[in-house]
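First comes the structure, then the notes that go with it.
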Protein chains: 2
Amino acid sequence: MISYPEMNREQLLQEQEKLQKAYKEFQDQNLNLDMSRGKPGADQLDLTMPMLDVLSSKDCLKTEDGTDTRNYGVLDGIPEAKKLFADILHVSPEEVIVGGNSSLNLMHDTIARGMFFGFVDSPKPWKDCGKIKFLCPSPGYDRHFAICELFGIEMITIPMTPDGPDMDLVEKYVGEDESVKGIWCVPKYSNPQGITYSDETVRRLAKMETKAPDFKIFWDNAYCLHHLTDHPDELLDLFAECKKLGTEDRVLMFTSTSKVSFPGAGIAAMAASVHNLQFIKKQMTIQTIGFDKIQQLRHVKYFKDLNGIKEHMKLHRAILEPKFKTVLDILDQELKPLSIASWTKPNGGYFIALDTMEGCAKRVVSLCKEAGVVLTGAGATYPYGKDPKDTNIRIAPTYPPVEELKQAMELFCLCVKLASVEKLLETK
Amino acid sequence: MISYPEMNREQLLQEQEKLQKAYKEFQDQNLNLDMSRGKPGADQLDLTMPMLDVLSSKDCLKTEDGTDTRNYGVLDGIPEAKKLFADILHVSPEEVIVGGNSSLNLMHDTIARGMFFGFVDSPKPWKDCGKIKFLCPSPGYDRHFAICELFGIEMITIPMTPDGPDMDLVEKYVGEDESVKGIWCVPKYSNPQGITYSDETVRRLAKMETKAPDFKIFWDNAYCLHHLTDHPDELLDLFAECKKLGTEDRVLMFTSTSKVSFPGAGIAAMAASVHNLQFIKKQMTIQTIGFDKIQQLRHVKYFKDLNGIKEHMKLHRAILEPKFKTVLDILDQELKPLSIASWTKPNGGYFIALDTMEGCAKRVVSLCKEAGVVLTGAGATYPYGKDPKDTNIRIAPTYPPVEELKQAMELFCLCVKLASVEKLLETK
C-alpha cells in the first residue's frame, strides 16, 4: 500500500470515491457516540459503589481528632483527608487544603483570588498590574485556558515537546516579561498528549529566574495516579526541587479523586507552601466555613491510604487499558501506512492526541460529527480555541464501551483519510 | 426589687459586691462553653443520620431524567433537587441553581462575580465603578459583612426596626446614590434578632426606585423553614412582588439545608430570574463542571419533597424550642425587673439578640469569656465589627445541651448585671 502523499491525483480521486462510499454507509448507521470529554465509563463508576456503604446511620462520624464531621467548622480539611492528599502529592499535611468536589473550582478560585488580592509574594493584585499573561503549553487542557479567557489573562502558546513545554521559550518569557504571571502545567500524562515532563524540565521550572516576583506554576496533577501500563512514567517532584532552591512559593499543586472515585462527587485538594496557604486561607475563610467533611471522611474510610488508592487504580486500569489498546491498534492499522497522521502512546492519563496533516483537524471533527460521533472541538486544546496549524485532535477513549469505541474509531480513521485526501487534492 | 437605674450609688456598690462574689464562684467552676455560633447541637445532627442510608451500593444513582449522578455534567443541579429548592423558595426550577455545600460560598462567589463581571444589568463590572457601597441592616450577619470588607465594598449601616430595615433610609440611599449597589437581607427570623420583614417592607423593597440600574438585593433566606412556634411568621414573597412590577432582576435569593440536614454537608441553592441566571451561569460554567450530584440525590431521596422537609423541621423544633425557652425564661427572671437590657423573642431562626445599656456589650462578652463562656464577639453584628452604641449581643442557644445552656445563661445574666452596675457607677 502506498502512502497518500505518494499518490498522484488519479489515485487520490479513486481513493476519495471509495472513502466517500464508506462514509455514507457510516451515516446510514445513525451512530450517536460521544468521545468529547475525559469521562470515565459506567463500568469504572461501578468500581467505587461500595464507597456508598462505608458511612451509615450506625457509624460515628468523628475525625481522628474528635471533630464531628456533621457540624460546621474546619476550613482546610479533616486531618485524615489532608494526610491522604499529602501522601498523594508528596507534601506534608499542613501544605494541603482539601476542597470541595472539583479541583477546577479550586484552580478557578485561586486565579480569581490572584486577580483580586494577588498572592503572598505579590507587589499588588493581578487586576492592578495592567495586562497580565499566562504561558499555556499546548496542546493543553481547554478548561485551563477558559479560566484565563474569563479573567482577561492573555495567553501565550508554548509548544509541547516530548519532554514537556519548550523550556527555552518558557525561560525566555518568564525571564524577560514581568507581566508573565503564571503557567498551566499538567505534568504527568498531560491532557491531551499523555506526556510526562522530564526531570530536566521539572528542574528548569524550579530554578528558572522569573521577572515577576509572584510568578505561579499551576501544577495540575490530575493524572498522577492514572497509570495504564506496568512501566508508569516517573515525574520528578517539583515542590522538592523548588524547596532545595527556595523557590517553593511559585508552586500551586492541584489534584482530585474525580477519576478515582466519582467525577463531580469526589474530593479535590490544593497544596502549596505554608507561606502561600496562610495568605490564601485568610481569604478563603470569608468564602466558606468549610467544605463537606462527611464526604472527606467517606473517602478516607473507603480508600484508607495511598496504597488503597493505588490498588483501586489498578481496577480502573484493567478497564481502560483495553480501550486505549483498541484505539491505538485501529490507528496503527488504518492510518500508519498512509503517512497522514501521528499520535501519542501514553502510559497513563485519559487521552490520546492525534495530529493530522496541516489544516485537516477541523474537517475531521466536522465529518465525524455529521456521522454521529462527537469529538472534542478541533482547536479546543489551544488558547482561544485556535490551533495555529489546525492539526490537533484530542481522542478520549474512556467513556464508550469497547464495541462502540471500535465503531467510533473506524469512522474517525475514515474521516482522517477523507480530510487528508481532500487536502492533498487541493495541491495535486 | 428596684431596677438598677433607680438605685443610688450606695445600693449599686452593695449590688456590685454581691455580683462580684457570684462571678468569682462561676470562675471557680472552670466552665468551657461555646455559644458563639449558630451551630446545631449533636442531638439535632442525629436527626438526619438515616440520610446516610438512602444511597447504598445497591441503588441506582440516576436522576429522574436518566442522568448518572456519578459522572461529570449538569452545572445547575439535578432536576429533582432544583424542584425541591424551587418549592422551598417559591420559584420555578429554571430559576434555581443548586450549588455545593454552602450558601455562603454561593453568596461570596456571586459578589466576586459582580465585582469582576457585573450582573446582567450592569453598565460595567463593579470593580470598575469606583467605590461601591452596600446597605447593611444591622444588627446583621457578620459573615455577610466580612464579604463586603474582603472586596472593599463600603458598608452603610441601616438600623433594624421590628418590621425589618429602616425603609425610609434604604429608599433614600438607593434612590440618591448610584454607587449603592446592594443590600444584605436575612428576611425571615433575621440573624440575630429573629425579625421577619413586614409585608410593607417587602413591598417597598420591590418597588423602590434605585439609582443603580444593577442594584441587587441579597435575600439570604437561611431560616425560611426554621420555625420555633405554632404561629410561624409569614414572609411576603419578594420575588413575586417584584415580578408584578418588573423589578425581579434585583433579587438574588439564597438558602441551604445546612440547618436542615448537616451544616457543611448539606446542599445550598441560589434562585433568581432566568435573565440573571443565564448571565451568571456563563461564568459559573468556567468555574466548575458541576456540583456534587450524588449529594443532591441523597437529599432528595431522604426528604422527598417540601412536605418531608417540613416534617423534619418539626423534629428540630422539638429540640430547639426548649432551648430558646430556657434562655428567654432566664432573661425574664434575671434581667427583666432591672431595666438594664431588652431582647427579642423570635418565632424562629437560630438567635436571640439582646441589647444592653449603652457601652456595655463588649464588657459583658469579655466578662463571660473570662469565666469560660464564649459568645459571638460584641460588635460582630455590625459592619466593620463596630457597634456604634456597643449594646448588641447575639445569643446562640442552639449548640449547648439545656443544662449547659442554663449555666451559661446564668453567668451571662450575671455579667450583664455586673457591666450595668459598673456603667451606672460611672455617673452616680
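Can you give me the Cα centroid spacing of segment A:121-165 and segment A:358-384 in angstrom?
23
Considering only the other residues whose Cβ falls under 15 Å of the Cβ of B:ALA318, what net charge follows from Lys and Arg at +1 and Asp and Glu at -1?
+1
Based on the Cβ-Cβ distance from B:ASP177 to A:GLN11, what FRET efficiency comes out when R0 is 60 Å, to the nearest 0.05?
0.20
Full-extension gain between A:LYS58 and A:ASP237, please, as 0.36 nm times their residue separation minus the C-alpha to C-alpha distance.
Here the answer is 60.3 nm.
For the residue pair B:ASN32 and A:SER342, what label-to-label distance in nm results when each label sits 7 Å from Cα along the Cα-to-beta-carbon direction?
6.7
What does the helix-only formula give at 222 nm for chain A: each DSSP H stretch with n ≥ 4 adding -39500 (n - 2.57), the total divided by the residues, and the result rounded to the nearest 500 deg cm²/dmol?
About -13000 deg cm²/dmol.
Whose amide H sits under 5 Å from the amide H of B:GLY41, counting only residues 5 or more places off or on another chain, with H placed in the peptide plane?
Residues meeting the amide H criterion: none.
Convex hull volume of the Cα atoms in chain B, per residue, in Å³?
Normalising the Cα hull of chain B by residue number yields 144 Å³.
Counting only the backbone N, which residues of segment B:120-154 are under 17 Å from the spot 7 Å out from the Cα of A:LEU75 toward its beta-carbon?
B:142-152, by backbone N distance to the label point.
Note down the net charge around B:TYR72, summing +1 for each Lys or Arg and -1 for each Asp or Glu among other residues with Cβ under 15 Å from its Cβ.
Surrounding charge for B:TYR72 is +2.
Through the Karplus equation 6.51 cos²θ - 1.76 cosθ + 1.60, θ set to phi - 60°, convert the phi angles of segment B:242-256 into ³J(HN,Hα) values in whole Hz; use x for Gly and Pro.
Once θ is set to phi - 60°, the couplings for segment B:242-256 become 5, 4, 4, 9, x, 10, 5, 6, 7, 9, 10, 9, 9, 7, 7 Hz.
Just the number, please: Stokes-Einstein D of segment A:234-359 in µm²/s, Kirkwood Rh from C-alpha pairs, 10 °C, 1.306 mPa s.
Answer from the Stokes-Einstein relation: 86 µm²/s.
Which FRET efficiency value, to the nearest 0.05, is calculated for A:HIS90 and A:LEU425 with the Förster distance at 56 angstrom and r the Cβ-Cβ distance?
0.60
Take the Cα of A:GLU403, step 7 Å along the line toward its Cβ, and report every residue of segment A:14-31 whose backbone nitrogen sits under 15 Å from that point.
A:31
Taking the C-alpha atoms of segment B:61-304, how large are the radius of gyration and the largest Cα-Cα span, Dmax, in Å?
Computed over the Cα atoms of segment B:61-304, radius of gyration and Dmax are 17.4, 53 Å.
Just to confirm a number: summing +1 for Lys and Arg and -1 for Asp and Glu over residues other than A:GLU334 whose beta-carbon lies under 9 angstrom from that of A:GLU334, what do you get?
0
Per residue of segment B:115-129, what does 6.51 cos²θ - 1.76 cosθ + 1.60 with θ = phi - 60° give for ³J(HN,Hα)? Whole Hz please, x for Gly and Pro, Karplus curve as stated.
Values per residue, Gly and Pro as x: 4, 7, 10, x, 10, 4, 9, 8, x, 7, x, 4, 5, 9, 9 Hz.
Stick to the Cα atoms of the protein assembly as shown, pair each with every other, and give me the Kirkwood hydrodynamic radius in Å at one decimal.
About 29.5 Å, per the Kirkwood formula over Cα pairs.
To one decimal in nm, how far is B:CYS60 from the same spot in the other copies, if labels go 7 Å from Cα toward Cβ? Please give the shortest first.
Spelled out, the distances from B:CYS60's label point are 3.9 nm.
Each reported figure results from applying straightforward, stated rules to the coordinates on display, with no laboratory input. Predicted, not measured: the structure shown is a model, and the values here were computed from it. Using ideal geometry, Cβ is built from the backbone for each residue, glycine included, and neighbour counts are taken over all protein chains shown.
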